[in-house]
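Participant: Encoded as structure tokens, here's the structure I'll be asking about.
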Amino acid sequence: MKEWFAIIMGASLLVLMIPILYRIIVGPTGFDRILCANVIGTKTAVILVIIGTLFDRVDMFVDFAIAYALLNFVGAIVVSRYFNRTVPLQEMEKDKAKPRRRLKA
Amino acid sequence: MIDTLASAVLAEPVNSPGWFLVHAIGVSMGIVGLIFFLGTAVGVVRFPDFYTRMHAAGKGDTLSTMLMLTGFGLVMMEDFSANSWLLLLKILGIVLFIFITTPTSSHALMRAAFEDDEMPLGEEDLNKLRKRRAKSKSK
Amino acid sequence: MKKTAFILVLCIGLLLAWAAKDFPAWGDPQSPASSSPVASHFIANTGVDTEVPNMVTAVLADYRGFDTMFETVVVFIAGLAVFSILRGGPKSRTRDREFVVDFEPDLIVTNTVRLIVPVIQIFAFYVLAHGHVSPGGGFQGGVTMGASFILIALSWDLKTALARFPIERCFTVAALGIVIYAGIGLLSLFLGGEFLDYAHLAKIFPVSPEMARYHAMLGVEIGVGFTVTAIMFALYASLSTDGRMRDGL
């Protein structure tokens, strides 16, 4: 029963990832692509646990899942900081009059 | 219900009714997680602008991952040895980790998009969308 | 051009998929990798020689310890090369920057990172020390540990991270890792064995030769972990700032 549950969950996860892949390919802005890549990265932690169930070594694959979730978080922070903090110099010269939008914390 | 759960704690055989209850809870949590992930997928494809798509992806993704992982942790339990408790604890550790980090990365992405002059849909865009939809409906 | 590249990639992909059907079945005992005398020797003897359940760690840190030592040296040299090339470049590079950096630490991100950095570091130690039993070891633990420092640099700024782990200390720690590794090897050399022959460490430590190999492997992994942690962070700090070590990403 455990194996069948894992197989059905994994297959339906893979099928449900297709719309998200569509958004990665089509997505009008770069942020859409990053967001959807992040969603797939989070789901990869689940898929790793499923693979562990099928190979009967869950104790091992759980460690991989933790490391994967961690690196996924680091990746999302890297990309958001890159878009947030770096401004191309030419644009900065062009619209010096208009200050950047700031979200006050 | 408490009696059956207690019998699961005390009794050894795997196929006692308490175990069936635990596994049934795990399976149903996994299925509910899949339903939430379906919501995420539909929302990501159909919503009109970045911020609404982020709403679908951020919430549905976090909750569905947490539910699926917890369900798997419960399905994986077959006895009360130290190993399976350790496994459940590790899986709950991932759940806690995802509970903290995924909303944070959504927030960081949202802030980056906002400060990068990504505009949400305004009244005019919505009117345009409504007109287009009415046209396609009348056809 | 894009279409040609796509067709080319597709063709190569199909070719590889077609070639994959010649692979032996998964877990096939008759496959060349499983039936070679080297593999069967390691499978039969790692448990007896070293008492390490994870054969990969035993092969990596003991039987092929020389190889792993120079892999660590390669990591160190890579970090040193990136640092010195970017630092010693022409001064003109600092003038024509293509972007300006405009930062303000985010409240939510910094507080989350404050919460999870200790967890990441404990997990890194677990991966490092548990490499005898489960997958893991010095390289993986070092990368996880380096990621925690990179996370600090990303969520505040590079100055905050460099205040905790200055770039000079990075290279000191990286060199210390190699010194630990080579020191264990030299110690076994002076005790009458060969270089990196850990069994001879049993002469000065109150353990059996097998357990001496077990514990020496942990020491070696700690050395690798030191080097990889420090070089990961030094690489990030050098590459994200063009070697200026300020105003990073």
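Participant: Among C:77, B:98, A:21, which residue has its Cα furthest toward the positive end of the charge dipole of the protein assembly as shown, with +1 on Lys/Arg Cβ and -1 on Asp/Glu Cβ?
Facilitator: Sorting the options by dipole projection puts first A:21.
Participant: Within a Cβ distance under 12 Å of residue A:28, other residues only, what is the Lys/Arg minus Asp/Glu net charge?
Facilitator: 0
Participant: With every protein chain present, what is the per residue accessible area of chain C (1.4 Å probe, Å²)?
Facilitator: Counting only protein heavy atoms, the per-residue value for chain C is 55 Å².
Participant: Moving on to the next point. To the nearest whole number, what is the average tally of beta carbon atoms from other chains within 10 Å of the beta carbons of peptide A:50-57?
Facilitator: Partner Cβ neighbours, averaged per residue: 1.
Participant: Here's another thing I want to ask about it. With all protein chains present, calculate the accessible area of residue A:24 using a 1.4 Å probe and round the result to the nearest 10 Å².
Facilitator: We get 40 Å² for residue A:24.
Participant: Go through region A:57-74 residue by residue and turn each phi into a ³J(HN,Hα) via Karplus (6.51, -1.76, 1.60, θ = phi - 60°); whole Hz please, and just put x for glycine and proline.
Facilitator: Couplings: 10, 5, 4, 6, 6, 5, 5, 4, 5, 4, 4, 5, 4, 5, 5, 4, 4, 4 Hz.
Participant: Which peptide among C:153-166, A:31-44 comes first, and what is the full order, when sorted by highest mean count of other Cβ atoms within 10 Å?
Facilitator: A:31-44, C:153-166
Participant: If the chain between residue C:11 and residue C:107 were fully stretched, how many nm would it gain, using 0.36 nm times the residue separation less the Cα-Cα distance?
Facilitator: 29.6 nm
Participant: Mind giving me the nanometre distance, one decimal, between the label points for residue C:122 and residue A:59, set 7 Å out from Cα along Cα→Cβ?
Facilitator: 2.0
Participant: Can you bin region A:2-86 into rounded, prolate or oblate? Criterion: square roots of the alpha carbon gyration tensor eigenvalues sorted a ≥ b ≥ c, rounded for a/c under 1.5, prolate for a/b above b/c, oblate for the rest.
Facilitator: Here region A:2-86 falls in the oblate category.
Participant: Give me the distance between the Cα centres of region A:1-60 and region C:1-66, rounded to whole Å.
Facilitator: What the calculation gives is 25 Å, centre to centre.
Participant: Residue by residue, what Karplus-based ³J(HN,Hα) values in Hz, rounded to whole numbers, does region C:224-240 have, using 6.51, -1.76 and 1.60 with θ = phi - 60° and x for Gly and Pro?
Facilitator: Karplus values, whole Hz, x for Gly and Pro: 4, x, 4, 4, 5, 4, 5, 6, 4, 5, 5, 4, 4, 5, 6, 6, 7.
Participant: OK, next. Which Cα, out of A:55, C:45, C:147, lies furthest along the positive dipole direction of the protein assembly as shown (beta carbon charges, K/R +1, D/E -1)?
Facilitator: Value: C:147.
Participant: Something else: Pull up all non-local amide H partners of residue C:137: gap of 5 or more, or a different chain, and H-to-H distance under 5 Å with H placed in the peptide plane.
Facilitator: Those qualifying (amide H under 5 Å, at least 5 residues apart or on another chain) are C:128, C:131.
Participant: Per residue of B:62-75, what is the mean number of Cβ atoms on other protein chains within 10 angstrom of that residue's Cβ?
Facilitator: Per residue, the number of nearby Cβ atoms from other chains is 4 on average.
Participant: Same structure, new question: Can you pull the accessible area of residue C:51 for me, 1.4 Å probe, Å² to the nearest 10?
Facilitator: Answer for residue C:51: close to 90 Å² accessible.
Participant: On to the next question. Which one, B:23, B:55, B:107, has the greatest fluctuation when you compute a Gaussian network model over chain B with C-alpha springs under 10 angstrom?
Facilitator: Judging by the Gaussian network model, the answer is B:107.
Participant: Also: How big is the dipole moment of region A:2-86 about its Cα centre under a simple scheme where the beta carbon of each Lys and Arg is +1, that of each Asp and Glu is -1, and everything else is neutral? Debye, nearest 20, please.
Facilitator: Its charge dipole is roughly 380 debye.
Participant: Continuing with this model, one more query. Can you give the extra length, in nm with one decimal, that the chain gains between residue B:42 and residue B:129 once fully stretched, where that is 0.36 nm per residue apart less the Cα-Cα distance?
Facilitator: Between residue B:42 and residue B:129, full extension yields 29.5 nm more.
Participant: Taking a 1.4 Å probe, which of C:22, B:125 shows the most accessible area, and what order do the others take after it?
Facilitator: Order by accessible area, largest first: C:22, B:125.
Participant: A follow-up question, please. In what order, largest first, do C:49, A:56 sit by accessible area if the probe radius is 1.4 Å?
Facilitator: Greatest to least solvent exposure: A:56, C:49.
Participant: What number, rounded to the nearest 500 deg cm²/dmol, is the helix-based mean residue ellipticity at 222 nm of the protein assembly as shown, given -39500 (n - 2.57) per DSSP H run of at least four residues and division by all its residues?
Facilitator: -25500 deg cm²/dmol
Participant: With the cut-off at 32 Å, tell me which of the pairs B:128/C:3; A:43/B:137; B:137/C:2; A:2/C:21; A:43/C:21; A:43/B:128 have Cα atoms farther apart than that.
Facilitator: Flagged as over cut-off: B:128/C:3; A:43/B:137; B:137/C:2; A:43/B:128.
Participant: Here's a follow-up. Where the only charges are on Cβ atoms (+1 Lys, Arg; -1 Asp, Glu), what is the dipole of the protein assembly as shown about its Cα centre, to the nearest 20 debye?
Facilitator: Using Cβ point charges on Lys, Arg, Asp and Glu, the protein assembly as shown gives about 2720 debye.
Participant: Positive end of the dipole of the protein assembly as shown, charges at C-beta (+1 Lys, Arg; -1 Asp, Glu), about the Cα centre: which of B:77, C:205, A:79 has its Cα farthest in that direction?
Facilitator: Of B:77, C:205, A:79, it is A:79.
Participant: What is the packing order of peptides C:130-143, B:79-92, C:217-230, C:7-20, taking the mean over residues of other C-beta atoms within 10 Å and listing the highest first?
Facilitator: Averaged packing, sorted descending, gives the order C:217-230, C:130-143, B:79-92, C:7-20.
Participant: What is the dipole size for chain B, taken about its Cα centre, with +1 at each Lys and Arg Cβ and -1 at each Asp and Glu Cβ, in debye to the nearest 20?
Facilitator: Dipole magnitude for chain B comes out near 1060 debye.
Participant: In nm, to one decimal, how far is the residue C:115 label point from the residue C:18 one, both placed 7 Å along Cα→Cβ?
Facilitator: Taking the two extended label points, one gets 5.3 nm.
Participant: For residue A:1 and residue C:211, FRET efficiency with R0 = 51 Å and r from the beta-carbon atoms, rounded to 0.05?
Facilitator: My answer for the efficiency is 0.75.
Participant: When you look at the Cβ of every residue in C:125-133, what mean number of other chain Cβ atoms sits within 10 Å?
Facilitator: Mean partner shielding for this stretch: 1.
Participant: Taking amide hydrogens as modeled 1.01 Å from N in the peptide plane, which residues meet the under 5 Å criterion relative to residue B:118, leaving out close sequence neighbours?
Facilitator: none
Participant: Once phi is turned into ³J(HN,Hα) by the Karplus curve 6.51 cos²θ - 1.76 cosθ + 1.60 with θ = phi - 60°, what whole-Hz value does each residue of region A:24-40 show in order, with x for glycine and proline?
Facilitator: Calculated HN-Hα couplings, in order: 5, 6, 8, x, x, 10, x, 5, 4, 5, 5, 4, 6, 4, 5, 4, 5 Hz.
Participant: Then there is this: Comparing C:116, C:152, C:204, which has the greatest mean-square fluctuation in the GNM of chain C with Cα pairs linked when under 10 Å apart?
Facilitator: C:204
The values are calculated or read from the model by the stated rules, or taken from the named source; none is laboratory data. All values derive from a computational prediction rather than experimental measurement. Glycine gets a Cβ as well: all are built from the backbone with ideal geometry, and neighbour counts include every protein chain shown. Surface areas here come from the heavy atoms of the whole protein model, side chains and all, with no ligands, DNA or RNA. Shrake-Rupley method; radii C 1.70, N 1.55, O 1.52, S 1.80 Å.
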